[in-house]
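Engineer: Structure below; questions to follow.
Computed from the coordinates by the stated procedures, all read-outs in this text should not be read as laboratory data. Note that the structure is predicted; figures quoted are calculated from it, not measured. Positions of Cβ are generated from backbone atoms using ideal geometry, with glycine treated the same way; all protein chains shown enter the neighbour counts.
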Amino acid sequence: MHQFHYKDQNLHCEAVDLAAVARLYGTPTYVYSATTMAENLARLRQGFAGLDLQVCYAVKANGNLAVLRHFSNLGTGFDVVSGGEIRRVIAAGGHLHTSVFAGVGKTEDEIRLALENEIFAFHVESEPELGRINHVAGRLGVIAPVALRINPDVDAGSHAKISTGGSGHKFGLPLRLATAAAEAMGKLKHVRLRGVQLHLGSQQTSVDPLIGAVTKVAPVAAELKRTHAIEYFSIGGGMGIAYHDALASGRAEWWHTQPPGKRPASPEEYGAALVPLLAPLGLRIMIEPGRLLTGNAGVLLARVEHFKRGAGKNFLVIDAGMNDLVRPAMYDSHHEIVPLQRDTTRPALVADVVGPVCETADCFARARRLQEQGEGELLAILSAGAYGFAMAGRYNSRPLPAEVLVQGSSFELVNARESFEQQVANEKIPAFLQ
């Protein structure tokens, strides 16, 4: 559920008219709902009630400093995957001692940075990485806490480019090698085994794959608790959100009227299925959600440039491009697109919604049925709070978009639109070309 809704035919985020945001800060602009993020987190915690639960928000989904501060204030740790994300957490006032560091290619500098800031644990993906962590920790004279990321070889049923739990993926240690890897750690003086982790990938819409993965890995976690006194079992993140019917999914009744399989599993359904499997372990349970907390908490505002009639199809050209939101171009993903001012008296049009970038892939929707829109009118691309700005770029020398955070009737610019001067600040023309 989320806090985007029409009031007097104008699209609002919480109590804020989004047209007012667009008038003040221009477009393209991302707008995030702080209340939606807090409510999503509360539902997740309630769904897993009864467990010793540690939530680590996945920074890669949306790393805006205001978003990170919001989650830190709400008591989460963080799931980081780079030195840059570690620095973002610190800059936002978050804490590494409740956070974990994942990823297959951690550098020595990144490991050092995490250790110096008392990371809760490294999620180790290979034996060479374990050796590297031991080496860096030895040079610092500390003991590095680690958890083994186990690849359970389970298909999450999500897009091939965001699945991580299969045997052919680069992530994690094969299940059959987990115990041996734990035993091999006895020869390393500067690491200690703190936990076990699994992660199936992003945008999981059914609880069944995670049930299968937990069923596979839980016996290993129980054995390592007995032999190595591990403290926690992380079941990763990746819980999906509704991209189709995204506006309707903001209402509680929508979830109750949609049959299973027609909508993503809810946090309550995940909890109901998994708590009975996890509680007997007597371990702290960690969850690392990203999209679940921020995906439906954000929209991308855009302005119509013009309506173009083509040979056999129409095009609605907007000022947002694939550099601002790459998911449709990269994953063929669906995002609902709605007008900021709804007018049911207008006729509908069917058009491809495209951006100004010089690529055919710069398309947000194909043959989409929309309310008729004219030049200068405003649209919102929904469910854009995760992997939106985080994956944005400067292709075609387009500036990075602005970001705004809303809470109640208040809203504030939390990331100004990039200027051309900022875009080229680190570039120079060498002396031999002068």
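Engineer: At Leu140 and Asn426, where each label point lies 7 Å from the Cα along Cα→Cβ, what is the point-to-point distance in nanometres?
Structural biologist: For the pair Leu140/Asn426, the computed spacing is 2.4 nm.
Engineer: From Cα pairs below 8 angstrom and at least 6 apart in sequence, can you work out the relative contact order of the chain, rounded to a whole percent?
Structural biologist: Relative contact order comes out at 21 percent.
Engineer: So what is the relative contact order for the stretch 1-115, in percent, with contacts set as C-alpha pairs under 8 Å and at least six apart?
Structural biologist: Relative contact order of the stretch 1-115: 17 percent.
Engineer: Sticking with this structure for a sec: If a paramagnetic tag sat 7 Å from the Cα of His244 along the Cα-Cβ line, which residues of the stretch 173-210 would have the backbone N under 20 Å from that point?
Structural biologist: Within reach of a label on His244: 202-209.
Engineer: Okay, moving on. Let me confirm the definition first: pairs of Lys residues in the chain, 8 or more apart or on different chains, C-alpha distance under 20 Å. How many are there?
Structural biologist: 10
Engineer: So for the chain: antiparallel DSSP bridges make up what percent, rounded to the nearest 5?
Structural biologist: Approximately 50 percent, going by the DSSP bridge assignments.
Engineer: For the stretch 90-134 and the stretch 184-231, compute the distance between their C-alpha centroids and round to whole Å.
Structural biologist: 17
Engineer: Got a sec? Which residues in the stretch 315-359 would a label at Arg417 touch, if it sits 7 Å along Cα→Cβ and we count backbone N under 17 Å?
Structural biologist: 318-325, 355-357
Engineer: Could you tell me the calculated FRET efficiency between Arg226 and Arg112, based on Cβ-Cβ distance and R0 = 30 angstrom, to the nearest 0.05?
Structural biologist: Plugging the Cβ-Cβ distance into 1/(1 + (r/R0)^6) gives 0.35.
Engineer: R0 = 35 Å: FRET efficiency of Arg87 with Glu375, Cβ-based, nearest 0.05?
Structural biologist: 0.25
Engineer: Using only Cα atoms and rounding to the nearest 10 degrees, what angle (0 to 90) does helix 267-278 make with the longest principal axis of the chain?
Structural biologist: 10
Engineer: Show me the ranking of peptides 61-71, 4-14, 254-264, 96-106 by mean Cβ neighbours inside 10 Å, starting with the highest.
Structural biologist: Going by the mean number of other Cβ atoms within 10 Å, highest first, we get 61-71, 96-106, 4-14, 254-264.
Engineer: If a/c stays under 1.5 just call it rounded; otherwise compare a/b with b/c (prolate if a/b is bigger, oblate if not). Do that for the chain, with a ≥ b ≥ c from the square roots of the Cα gyration tensor eigenvalues.
Structural biologist: Prolate shape, in that a/c is at least 1.5 and a/b is the bigger ratio.
Engineer: Moving on. If you average the C-alpha positions of the stretch 247-304 and of the stretch 364-421 separately, how far apart do those two centres end up, in angstrom?
Structural biologist: Rounded to whole Å, the Cα centres lie 24 Å apart.
Engineer: A follow-up question, please. Between His97 and Gln46, what FRET efficiency comes out of the Förster formula 1/(1 + (r/R0)^6) with R0 = 25 Å and r the beta carbon distance, rounded to 0.05?
Structural biologist: So the FRET efficiency works out to roughly 0.50.
Engineer: Hey, fewest Cβ within 10 Å first, where do Tyr232, Tyr331 land in order?
Structural biologist: Tyr331, Tyr232
Engineer: Counting Lys and Arg as +1 and Asp and Glu as -1, each charge on the Cβ, what is the dipole of the stretch 296-423 about the Cα centre in debye, to the nearest 20?
Structural biologist: Computed charge dipole of the stretch 296-423: roughly 400 debye.
Engineer: Only Lys, Arg, Asp and Glu count, each charged at its Cβ (+1, +1, -1, -1), so figure out the dipole size of the chain about its Cα centre, rounded to 20 debye.
Structural biologist: 600
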